[in-house]
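All remarks here apply to the structure that follows.
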Amino acid sequence: MSKTTTRRIAALPGDGIGPEVMRAALEILTAIGERFDLSFEVREGLIGGAAYELHQEHFPEETQTLIANCDAILFGSVGGPIEESTAEKWRDCEKNSLLGLRQRCCFHANFRPARVYQALQERCPLKKSIIGEGIDLLIVRELLGDLYFGTHETKEEAGVRVARDEARYTEEEIRRIAHTAFRAAQQRKKQLTSVDKANVLDTSKLWRAVMEEVGTVYPDVSLAHMLVDNCAMQLVQNPGQFDTIVTSNMFGDILSDTAAVLPGSLGLTPSASFNEKGFGMYEPSGGSAPDIAGQGVANPTAQILCVALLLRYSFGLDEEAKTIETAVEGVLDDGFRTADIACTGEVAISTAAFAAEVRKRILRTS
Ligand code: NAD
């Protein structure tokens with residue numbers, strides 16, 4: 001994409017804190033446009049409960065058309081308060097909108113970075129001695145295979161209930177995620193850890209073999225293998241050893257949630273999903289946080305960092321992405337905190353004030 005190309009982004013704020021943090025993130029996108037003289041066309045669409053109010057659907061056709069005509073999706077969050085989950089507006093909301101989107105776009109890869117900022121070490125549940133020089137890792141999870149998509153069955157055999165779930169991977173599915181992970185590792189420290197259970201599972205044996213084969217195409221990336229039980233331990237005992245981790249759908253589901261708690265708040269961690277064509281959707285790891293929605297106190301960091309990932313992975317704008325990441329780090333280093341990351345005695349600032357601090361550093365007006 002050339003410098004003058006207009007990049008089309010579908011912004012889907014959704015529910016709860018989604019609109020508040022999306023507003024903050026779009027301000028940051030505008031600041032990047034100003035600083036680097038780039039043009040972005042942002043078109044907003046309805047999704048989740050917000051869409052249901054108008055269309056009686058969580059993922060209306062209008063939004064489907066919008067995403068079919070954009071270069072990337074910036075997603076907020078969907079869903080209502082847990083205690084209202086049976087109400088018509090919220091029933092199956094996440095399934096219909098988020099899973100609908102994932103299926104429609106055929107996302108096969110999910111990126112979940114986890115970074116412990118120097119300034120927020122006290123928020124990390126791990127001891128300082130374990131955090132060491134810092135934690136900055138990326139988990140790449142396969143999304144379309146494994147236990148989730150095999151056959152599921154519960155039946156009765158000789159009067160006893162028996163349940164069975166099939167785990168399945170083709171070599172093409174593994175090869176596809178392997179290439180995605182190796183390329184991601186190339187953009188980081190070039191260290192890839194492939195996580196499996198090859199001492200027991202056939203899917204894992206195939207996984208390991210294909211990872212080795214694909215590894216020959218990326219001689220600049222060092223590949224190591226680790227069993228999933230060991231990886232779960234290492235993530236809390238010595239997470240600093242990891243750079244990029246690639247793993248299957250089931251293991252990735254569990255390990256990425258373990259890693260997600262390391263930064264100290266759900267409001268800090270972005271995530272991204274990609275399909276084979278490289279089309280991406282970017283969303284915070286957390287949900288719609290109905291408990292704090294509408295108060296202007298949500299942490300916009302995850303949504304702002306989604307913009308950084310979007311620029312890097314969808315548009316190849318690495319310098320621009322780093323500018324956002326450095327600005328966020330600067331704001332934290334200077335002691336600004338939203339309520340979720342403020343320690344006792346620290347004054348919390350609003351979502352908008354936090355975004356304004358990030359914006360100032362991007363435009364160098366502070
Ligand atoms: P949640 O992630 O919304 O909130 C969990 C806790 O984290 C809450 O205390 C919340 O205030 C806090 N939190 C989350 N993001 C924050 C932020 N940016 N700043 C400050 N604090 C933040 O999880 P939940 O309460 O279990 O779910 C609420 C709703 O969100 C449900 O309807 C659920 O289905 C939905 N959900 C949506 C997504 C998604 O859209 N991707 C993901 C998870 C949950």
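At-a-glance table
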read-out	value
Given (1) outside any loop (DSSP other than H, G, I, E, B); (2) touching a helix residue (DSSP H, G or I) at 6+ places or on another chain (Cβ under 7 Å); (3) of a type outside the set (Gly, Ala, Ser), index of the condition Val297 fails	(1)
Subset of the stretch 265-293 (residues that are open to solvent by 20 Å² or more (accessible area, probe 1.4 Å), farther than 28 Å from Leu144 by Cβ and touching a strand residue (DSSP E or B) at 6+ places or on another chain (Cβ under 9 Å))	Ala289
All positions within the stretch 82-97 that are more than 7 Å from the ligand (Cβ to nearest atom), of a type outside the set (Val, Ile, Thr) and either surrounded by fewer than 23 Cβ atoms within 10 Å (Cβ to Cβ) or not assigned by TED's automatic domain parsing to the domain that holds Ala11 (or both)	Glu83, Glu84, Ala87, Glu88, Lys89, Arg91, Asp92, Lys95, Asn96
Residue satisfying condition, being assigned by TED's automatic domain parsing to the domain that holds Trp90 and over 29 Å from Val297 (Cα atoms), within set Pro60, Pro19, Pro13	Pro60
Cross-chain or 6+ apart pairs with Cβ under 9 Å, the stretch 83-99 first and of a type in the set (D, E, K, R), then modelled with pLDDT of 90 or more and loosely packed, with under 13 Cβ neighbours inside 10 Å	Glu88/Gln56; Lys89/Glu53
Strands (runs of 3 or more DSSP E) enclosed by the stretch 82-193 - at least 3 residues per element that are among the charged types (D, E, K, R) and within 17 Å of the chain's Cα centre (by Cα)	135-142
Residue within the stretch 8-18 that is within 16 Å of the ligand (Cβ to nearest atom) and of a type in the set (Val, Ile, Thr) present	yes
The stretch 316-347, residues that are more than 24 Å from the chain's Cα centre (by Cα) and open to solvent by 50 Å² or more (accessible area, probe 1.4 Å)	Asp334, Thr344, Gly345, Glu346, Val347
Filter pass, Tyr313 being hydroxyl-bearing (Ser, Thr, Tyr), open to solvent by 10 Å² or more (accessible area, probe 1.4 Å) and closer than 21 Å to Arg183 by Cβ	yes
Residue match in the stretch 130-139 (condition: more than 20 Å from Ala260 (Cβ to Cβ), free of Cβ contacts under 8 Å to residues at least 24 places away in the same chain and open to solvent by 80 Å² or more (accessible area, probe 1.4 Å))	no
Filter result for the condition that a residue is at pLDDT below 95 and within 13 Å of the ligand (Cβ to nearest atom), over Gly294, Gly316, Gly286	Gly286
Failed item, numbered, when Cys70 is tested on (1) in contact with a His (Cβ under 9 Å, 6 or more places away or on another chain); (2) open to solvent by less than 80 Å² (accessible area, probe 1.4 Å)	(1)
Residues of the stretch 202-261 satisfying the condition of being in contact with a strand residue (DSSP E or B) (Cβ under 6 Å, 6 or more places away or on another chain), farther than 29 Å from Lys127 by Cα and either open to solvent by 40 Å² or more (accessible area, probe 1.4 Å) or not in a loop (DSSP other than H, G, I, E, B) (or both)	Ser204, Trp207, Arg208, Met211, Gly215, Asn249
Condition met for Ala158 (in the same structural domain as Thr247 (by TED's automatic domain parsing) and open to solvent by less than 30 Å² (accessible area, probe 1.4 Å))	no
Filter result for Ile67 (touching a residue at least 24 places away in the same chain (Cβ under 8 Å), in the same structural domain as Lys277 (by TED's automatic domain parsing) and either more than 30 Å from Ala356 (Cβ to Cβ) or away from the ligand (no atom under 15 Å from the Cβ) (or both))	yes
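A quick yes/no check of all residues on (1) open to solvent by 50 Å² or more (accessible area, probe 1.4 Å); (2) in contact with an Asp or Glu (Cβ under 8 Å, 6 or more places away or on another chain); (3) part of a loop (DSSP other than H, G, I, E, B):
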position: Arg23; (1), (2), (3): yes, no, no
position: Glu41; (1), (2), (3): yes, no, no
position: Ile47; (1), (2), (3): no, no, yes
position: Gly76; (1), (2), (3): no, yes, no
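For every residue, the table says whether it meets (1) touching a helix residue (DSSP H, G or I) at 6+ places or on another chain (Cβ under 7 Å); (2) of a type in the set (A, V, I, L, M).
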residue: Gly80; (1), (2): yes, no
residue: Ser85; (1), (2): no, no
residue: Cys93; (1), (2): yes, no
residue: Cys105; (1), (2): no, no
residue: Ala109; (1), (2): yes, yes
residue: Arg112; (1), (2): yes, no
residue: Tyr117; (1), (2): yes, no
residue: Leu120; (1), (2): yes, yes
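The values are calculated or read from the model by the stated rules, or taken from the named source; none is laboratory data. Here the structure is a predicted model, which means the values were calculated and not measured. Cβ atoms come from the backbone with ideal geometry, glycine included; neighbour counts cover every protein chain shown. SASA here: full protein model, heavy atoms, side chains in, ligands and nucleic acids out. Shrake-Rupley method; radii C 1.70, N 1.55, O 1.52, S 1.80 Å.
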